[in-house]
1. Give the residues of segment 75-100 that are touching a Lys or Arg at 6+ places or on another chain (Cβ under 8 Å) and open to solvent by 40 Å² or more (accessible area, probe 1.4 Å), sorted by residue number.
2. Would you please name the residue that is modelled with the highest pLDDT, looking only at residues in segment 145-159 that are open to solvent by 10 Å² or more (accessible area, probe 1.4 Å) and of a type in the set (A, V, I, L, M)?
3. Find all pairs meeting these conditions: Cβ atoms under 8 angstrom apart; at least six residues apart or on different chains; first residue within segment 1-28 and surrounded by fewer than 13 Cβ atoms within 10 Å (Cβ to Cβ); second residue part of a helix (DSSP H, G or I) and at pLDDT 95 or above.
4. What are the residue pairs meeting all of these: first residue in segment 168-185, first residue touching a residue at least 60 places away in the same chain (Cβ under 8 Å) and within 22 Å of Ser44 (Cβ to Cβ), second residue not in a helix (DSSP H, G or I) and not β-branched (Val, Ile, Thr), Cβ atoms under 6 Å, and 6 or more apart or on different chains?
5. Name the one entry in Ala134, Ala89 that is out of contact with any Gly (no Cβ under 9 Å at 6 or more places or on another chain) and touching a residue at least 60 places away in the same chain (Cβ under 8 Å).
6. Since Ala180 meets every condition but one in (1) crowded, with 18+ Cβ neighbours inside 10 Å; (2) modelled with pLDDT under 95; (3) in contact with a strand residue (DSSP E or B) (Cβ under 9 Å, 6 or more places away or on another chain), which condition does it not meet?
7. Is at least one residue of segment 95-117 touching a residue at least 40 places away in the same chain (Cβ under 8 Å) and among the polar types (S, T, N, Q)?
8. (1) closer than 30 Å to Pro41 by Cα; (2) modelled with pLDDT of 95 or more; (3) not hydrophobic (A, V, I, L, M, F, W, C): which one isn't true of Gly165, the others all being true?
Amino acid sequence: AALRELVEREHVTTVLGAVTSTVTLRLAPYCERYRVVLMSPSASASQLTEAGDYIFRTVPSDVLEGASMADFARDLGLDRVAVLAVDNAYGASLARVFAERLGASGGSVVASLTFPEGDETAIADAVAALPALAPRGVYIPAYASDLATALKLLRETRLRPIVLGASVAAPELIRAAGPAAENLV
């Protein structure tokens, strides 16, 4: 509704934002149809590459980040990795790319678990499932607050996997996770 008002009443031709992939993907068809440039400063979902001629981002696609993290996991010798991802376009895109790339290099994703953004109970349930899977690594594509929650819960388990995170705001993550952020890659 805000985008429609800006375009139809204010005759805006360029929009900076949205911040997240999920919202950017929802705005993209409207911007494409009305030839409004949509520039996101942080949306990274791989689907944005094909969203249209008027849709742009200033950060690399999840394809690059997910593939790089899978290569890094392979280089660390992590052959069994669990993925714990936020259940939206951002998390799904990173999880998919990571799993495909890790699988192509001989590793495996032993489970791909998701949780709604901000749902601490769902994060706790996903973390509780990890000990039975015995992963050597855990990849957590999530926003800082959810990653902090997962880290704190994970550190309470008997597991000591190498934990890989997505590109998130480091200062707020460190404040929220405290000592649980130690050794997070």
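1. Within segment 75-100, Asp79, Arg80 meet the criteria.
2. Once the filter is applied, the top-ranked residue is Leu153.
3. Every condition considered, the pairs that remain are Arg4/Tyr30.
4. Pairs that qualify, where the first residue is touching a residue at least 60 places away in the same chain (Cβ under 8 Å) and within 22 Å of Ser44 (Cβ to Cβ) and the partner is not in a helix (DSSP H, G or I) and not β-branched (Val, Ile, Thr), are Val185/Leu164.
5. Ala89
6. (3)
7. For segment 95-117, residues touching a residue at least 40 places away in the same chain (Cβ under 8 Å) and among the polar types (S, T, N, Q): absent.
8. The failed condition is (2).
The values are calculated or read from the model by the stated rules, or taken from the named source; none is laboratory data. All of these numbers come straight from a predicted model, not from anything done at the bench. Quick reminder, even Gly has a Cβ in these numbers, built from the backbone with ideal geometry, and neighbours come from all protein chains shown. These area figures cover heavy atoms from the full protein model, side chains too; ligands, DNA and RNA do not enter into them. Shrake-Rupley method; radii C 1.70, N 1.55, O 1.52, S 1.80 Å.
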